Amino acid sequence: MKYDIIIGLEIHAELKTNSKMFCSCLNNPFSDKANNNVCPICLGHPGTLPVPNKEAIEKTIMTGLAIHSKINRDSKFDRKNYFYPDLPKGYQISQFDMPLCYGGYLEIDDRQIPVTRIHLEEDTGKSIHKKGENYTLIDFNRAGTPLMEMVTEPLIKDAKEAKKFCQEYQKYLRYLDVSEADMEKGEMRCEANVSLQEKDSWIYEDGLIKAKEGKKLNPKVEVKNINSFKSVERAIDFEIKRQSELLDNNEQVLPETRGFDEDNGETKRQRIKETSADYRYFPEPDIPPLEISEEWLKEIHQKLPEMPDKKIKRFIQQYGITEDSAILLSNNRKLSEWYESAVSELGAWIEASGDEYERLERALAKSTANLISTQLLKHLKEQDQNISDIEITPENFAELVFLIFKGKINSSAGQKVLTEMLDRNESPIKLVKELGLEQIDNEEELKNKIKEILDKNQAQVEEYKNGKTTVIKFLLGQVMAATKGKANPKVAMEILEKLLS
Ligand code: ZN
Ligand code: MN
């Protein structure tokens, strides 16, 4: 690559709150009836007064705290003026120079990507253009819903990193339970600012890309309409290629806003980019400045869950599980909490067993992690289910782990029980009985069965006696088949060895 790639991201996320940002209307942009969650405030009628939503402010601050931002204890709202049919007031209430959060970072592959700011604003309504009709419908259900905008520093190095950043940010939003952050639904919307600069022509100073003396900067292009993670990568890669071709041919890159077209993977000009002066920002006169008190900030801090990076480290240390398992379990907050409650449910079983507590807890925590990653998640995937759909209680799952761990049932019986548990959340002990999966440990009973099998397989017995001892695995397989998998394999192996010697 002949040029330096400079990428910054702006990510909007619709916040999960009960009511809208400045009125008491239900925050339900996906209501199946148009314009049923509206009122004079979110329709921008004259003489109405907006009142900021406390829950939205808390969720924004919480997001800031999670990504190591500083919180502006003195903040305010501003009017961003522009005309668009889905913006009933003719301006959006946003935050200009005193955002709720500033600074911070997200770590992507051991690289810290600095965040500039997170501010709070309101969403617009939705225009619905019907194909073949010469009119446009407008649904204001989304107008005034809380929208949190995060802006990164222009220090993302390529399209792949931009995509990873968006994925990591989504994980954080879901972890914090502040947004559903589904890109396809528009609950999370990414815009990328992309420019290419001649090598050694620029410096990064005070949060800005500046030209070195005697050099000129190429303008940046803003790419919108990116509706999936894959599109983040495709749209940026297309822009890099487009801009480098222009520069190679000594043609000008225009400072414009371009929309990404998913169908052909290209970006297309929408308009020449506005500068902040075009928006004529000024302080919102109807909302007094915001003061975030020490106590309130403390309260929000206490609500902050343990974030995935910390949790992964703790899981490895506390439970002795592998890094891969720890990452897998920590990726989803609900799964990680479900895992830990299962492990803590195991405490009762450990105490009853009289074994050494700590050693057994770690061993069982590992078994639990393995059963989740090798069996449970696989089953859920096969049934196209999400971990949030799971109805198995941690208590019952713990019981299953213990039954397998203690050798009360073997792993193939364990699988059958688990499949059944996914349909109905029953105690595994009960299911083992019901499905007739109790293991045969009784030596006499097993001995008789094994004798029959040896009689039927004289050839293999001969082979064993002639030194081909690996054939014992075949014989064990026959025992397992004859008992429909119910024989205790350990006991059966011991008997086999004894009878064959
Ligand atoms: Zn309203
Ligand atoms: Mn915005």
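Tabulated results
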item	result
Residue among 443, 494 that is surrounded by 13 or more Cβ atoms within 10 Å (Cβ to Cβ), more than 46 Å from the chain's Cα centre (by Cα) and in contact (Cβ under 8 Å) with a residue 24 or more places away in the chain	443
Residue in the range 428-439 that is nearest to the chain's Cα centre (by Cα), counting only those that are under 15 Å from residue 407 (Cβ atoms) and modelled with pLDDT of 85 or more	428
Criterion (in contact (Cβ under 8 Å) with a residue 24 or more places away in the chain and within 30 Å of residue 73 (Cβ to Cβ)) met by exactly one of 292, 392	292
Residue selected from the range 26-45 under the condition in contact (Cβ under 8 Å) with a residue 60 or more places away in the chain and of a type in the set (A, V, I, L, M), by the criterion farthest from ligand 1 (Cβ to nearest atom)	34
Subset of the range 76-110 (residues that are assigned to a strand (DSSP E or B), at pLDDT 95 or above and away from ligand 2 (no atom under 16 Å from the Cβ))	105, 106
Residue check, residue 431 touching a helix residue (DSSP H, G or I) at 6+ places or on another chain (Cβ under 6 Å) and more than 27 Å from residue 333 (Cβ to Cβ)	yes
Selection from the range 351-388 of residues that are modelled with pLDDT under 80 and touching a Phe, Trp or Tyr at 6+ places or on another chain (Cβ under 6 Å)	none
Residue pairs meeting the criteria (Cβ under 6 Å; at least 6 apart or on separate chains; first more than 14 Å from residue 369 (Cα to Cα), in the range 327-355; second among the polar types (S, T, N, Q) and modelled with pLDDT under 90)	334/388
Filter result (within 17 Å of residue 409 (Cβ to Cβ) and modelled with pLDDT under 90) within the range 459-480	480
Selection count where residues are farther than 14 Å from residue 43 by Cα, of a type outside the set (Asp, Glu) and within 15 Å of ligand 2 (Cβ to nearest atom), scope the range 116-131	5
From the options 26, 15, residue that is within 16 Å of ligand 2 (Cβ to nearest atom) and closer than 20 Å to residue 186 by Cα	15
Test: residue 223 is hydrophobic (A, V, I, L, M, F, W, C), closer than 22 Å to residue 115 by Cα and in contact with an Asp or Glu (Cβ under 8 Å, 6 or more places away or on another chain)	yes
Hits in the range 132-179 - residues which are acidic (Asp, Glu) and within 17 Å of residue 61 (Cα to Cα)	149, 177
Failed item in (1) away from ligand 2 (no atom under 16 Å from the Cβ); (2) among the β-branched types (Val, Ile, Thr); (3) touching a residue at least 60 places away in the same chain (Cβ under 8 Å), with residue 48 passing the rest	(3)
Qualifying residues in the range 120-129 (those that are more than 23 Å from the chain's Cα centre (by Cα) and away from ligand 1 (no atom under 16 Å from the Cβ)) - the one farthest from residue 38 (Cα to Cα)	129
Close pairs from the range 262-278: first assigned by TED's automatic domain parsing to the domain that holds residue 82, partner of a type in the set (Asp, Glu) and assigned to a strand (DSSP E or B), Cβ under 7 Å, at least 6 apart	268/261; 269/256; 271/256; 272/256; 273/222; 273/256
Count of the range 130-153 residues which are within 16 Å of ligand 1 (Cβ to nearest atom) and of a type in the set (Gly, Ala, Ser)	2
Enumeration of residues in the range 28-59 that are closer than 24 Å to residue 176 by Cβ and touching a Pro at 6+ places or on another chain (Cβ under 7 Å)	53, 56
Single unsatisfied condition, residue 400 versus (1) within 30 Å of residue 365 (Cβ to Cβ); (2) outside the structural domain of residue 339 (by TED's automatic domain parsing)	(2)
Filter result (in contact with a Phe, Trp or Tyr (Cβ under 8 Å, 6 or more places away or on another chain) and farther than 18 Å from residue 491 by Cα) within the range 458-478	460
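Table: residues versus (1) within 18 Å of residue 16 (Cβ to Cβ); (2) of a type outside the set (Phe, Trp, Tyr); (3) buried (at least 22 other Cβ atoms within 10 Å of the Cβ).
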| residue | (1), (2), (3) |
| --- | --- |
| 97 | no, yes, no |
| 105 | no, no, no |
| 125 | no, yes, yes |
| 137 | no, yes, no |
| 147 | yes, yes, yes |
| 153 | no, yes, no |
| 158 | no, yes, no |
| 177 | yes, yes, no |
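The values are calculated or read from the model by the stated rules, or taken from the named source; none is laboratory data. This is a predicted model, so every value here is computed, not measured. Every residue, glycine among them, receives a Cβ derived from its backbone with ideal geometry; neighbour counts consider all protein chains shown.
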